[in-house]
Amino acid sequence: LREAVRKGSLALHYQPLMNLRSLNIPTCEALIRWPHAKRGMISPAEFIPIAEETGLIVEIGREVLRKACKDCAGWPDGTRVAVNLSAIQLQRGDVVADVRAALESSGLAANRLEIEFTESAFLGDKAMALGVLKRLKELGARGALDDFGTGYSSLGYLHAFPLDKVKIDRSFLSGMGEGSRSLLLLEGVARLSRSLGLSVVVEGIETQEQLRLVEAGGQVDEIQGFLISRAVPAGDLEAYFGRKGDALLTRAA
């Protein structure tokens, strides 16, 4: 892994999100991949924990920010890129300096960058995490709470931290049907989030039926999942930017 980082062998793929009102792609999430010469594509679930344990995640995260901002600068005006932030990056790195450097080197407008925090980032030093988020907001970047519905799922995060977006975890989709507890919980979290001024994303949408149920409540702004696309290399995104509505779902048909 150290050698891969040194050689710049890690790659970024991007998973598009679809806005349920404009029916286009407003955001793409940057997801890191490791194409290995002998082992093929190594899952982030395998190497990210190692990167966090060794502290390599700080260097990796810095490079991800740089590359994601550079790629996004070439996308249609207004399209944003979302980048995940590890709790280890918060603790050991200088996230604000890294974001500032990535924005300056790419020329990307700060409001086109979304930083995604997981709950684990808030479980340690909350004052430090809050300070980092406020400074990122001062730069003009946006903040999102990722994977809501896992861990403690504290509603207090939505109130205490100056976030712009909440991403509801795919676990809410398990067993979801008309009148199911999962659907009622999802709709309740979405409604509360909207009342706090947050935009709402539901992750893990894989079927037309899930899309129908999520869309029916009228509280969800964006969806993400295999129904639209898996994560793809940056060079494959052009086809998605040129599509709208049902045309974005044809890849999953």
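The values are calculated or read from the model by the stated rules, or taken from the named source; none is laboratory data. This structure is a prediction, so every number in the text was calculated from the model and none was measured. Here Cβ is always computed from backbone atoms with ideal geometry, including for glycine, and neighbour counts include all displayed protein chains. Ligands, DNA and RNA are excluded from the accessible area calculation, which covers all protein heavy atoms including side chains. Shrake-Rupley method; radii C 1.70, N 1.55, O 1.52, S 1.80 Å.
Remarks
- Fraction of the pair-distance distribution of the stretch 193-253 above 16 Å, Cα-Cα pairs, percent: 50
- Residue among Val58, Val132, Val95 with the largest mean-square fluctuation in a Gaussian network model of the chain, springs linking Cα atoms under 10 Å: Val132
- Between the stretch 47-75 and the stretch 1-27, the alpha-carbon center distance in angstrom: 11
- Just the protein heavy atoms count here, and of the accessible area of the stretch 41-87 at 1.4 Å, carbon and sulfur take up 54 percent.
- A DSSP coil position with no more than 12 other Cβ atoms inside 10 Å describes the following trypsin sites (Lys or Arg not before Pro) in the stretch 1-31: Arg21.
- DSSP-assigned coil residues among trypsin sites (Lys or Arg not before Pro) in the stretch 35-99, each with at most 13 further Cβ atoms within 10 Å: Lys38, Arg39
- Heavy-atom accessible surface of the stretch 83-221, averaged per residue, reaches 44 Å², computed with a 1.4 Å probe.
- Fraction of C-alpha pairs exceeding 13 angstrom in the stretch 164-220: 53 percent, rounded to a whole number.
- The stretch 95-172: trypsin sites (Lys or Arg not before Pro) in DSSP coil with no more than 12 other Cβ atoms inside 10 Å: none
- Net charge contributed by nearby residues that have their C-beta within less than 13 Å of Asp169 (K/R +1, D/E -1): -3
- The base-10 log of I(q)/I(0) for the stretch 1-150, evaluated at q = 0.10, 0.15, 0.21 Å⁻¹, reads -0.34, -0.79, -1.47 [Debye formula, identical scatterers on Cα atoms, solvent excluded].
- Its Cα centre serving as origin, the stretch 159-205 has a Cβ charge dipole (Lys and Arg +1, Asp and Glu -1) of approximately 60 debye.
- Derived from the Cα gyration tensor, the three semi-axes of the equivalent ellipsoid of the stretch 105-196 are 27, 15, 11 Å, largest first.
- Sequence-distant lysines (8 or more away, or on other chains) whose Cα lies within less than 22 Å of Lys126: Lys134, Lys137, Lys165, Lys167
- Relative contact order (percent, whole number), the stretch 1-144, Cα cutoff 8 Å, 6+ residue spacing: 20
- Percent carbon-and-sulfur accessible area, the stretch 210-253, ignoring ligands, DNA and RNA, probe 1.4 Å: 47
- With the Kirkwood sum run over all distinct C-alpha pairs, the stretch 140-253 has a hydrodynamic radius of 15.0 Å.
- For the stretch 14-64, the Cα-based Rg and Dmax, in that order, read 14.8, 44 Å.
- The length gained on full extension between Glu215 and Glu63, counted as 0.36 nm times the residue separation minus their Cα-Cα distance, comes to 51.1 nm.
- Rolling a 1.4 Å probe over the protein heavy atoms gives the stretch 15-75 an accessible area of 47 Å² per residue.
- Label point distance in nm, Ser195-Glu46, each placed 7 Å from Cα along Cα→Cβ: 4.6
- For the chain, the orientation-averaged shadow of the C-alpha convex hull comes to 13.4 nm² (one quarter of the hull surface).
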